[in-house]
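**Student:** Encoded as structure tokens, here's the structure I'll be asking about.
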Amino acid sequence: MAARGAAIGEARADAVRARVAEAVAREVPGAEVEVSGREVIVTGRGLMPALRWIGSLIR
């Protein structure tokens with residue numbers, strides 16, 4: 001039962017990471033977004049203000 005719950009939780013977390021990646025790619029011009037394991041990696045030039053704002057939303 002615990003393994004099933006963990007699998008469901010991981011699937012939900014994967015879905016959230018995918019939605020975050022899609023939203024960032026759509027809303028932040030010039031951002032390159034990649035999901036790697038448990039991380040959503042955002043790269044691009046001049047993105048610091050946008051990334052700080054996104055980080056404040058996630059917290």
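**Student:** Excluding Arg38 itself, what net charge comes from residues whose Cβ is under 12 Å from its Cβ, given Lys and Arg +1 and Asp and Glu -1?
**Tutor:** Combined, the nearby Lys, Arg, Asp and Glu give -2.
**Student:** For the ranges 22-28, 5-11, 37-43, what's the packing order if you count other beta-carbon atoms within 10 Å of each residue, average per peptide, and put the highest first?
**Tutor:** Answer by packing, highest mean first, reads 22-28, 37-43, 5-11.
**Student:** Quick one: if the Förster radius is 25 Å, what FRET efficiency do Arg4 and Val35 give, using the C-beta to C-beta distance and rounding to 0.05?
**Tutor:** After rounding, the FRET efficiency stands at 0.60.
**Student:** Working out 0.36 nm times the residue gap between Arg45 and Glu27, then minus their Cα-Cα distance, what length gain in nm do you get to one decimal?
**Tutor:** This chain segment gains 5.0 nm when fully extended.
Since every read-out is calculated from the coordinates, none of them should be taken as a lab result. These numbers come from a predicted model, not from an experiment. Heads up, the Cβs are rebuilt from the backbone with ideal geometry, glycines too, and the neighbour counts pull from every protein chain shown.
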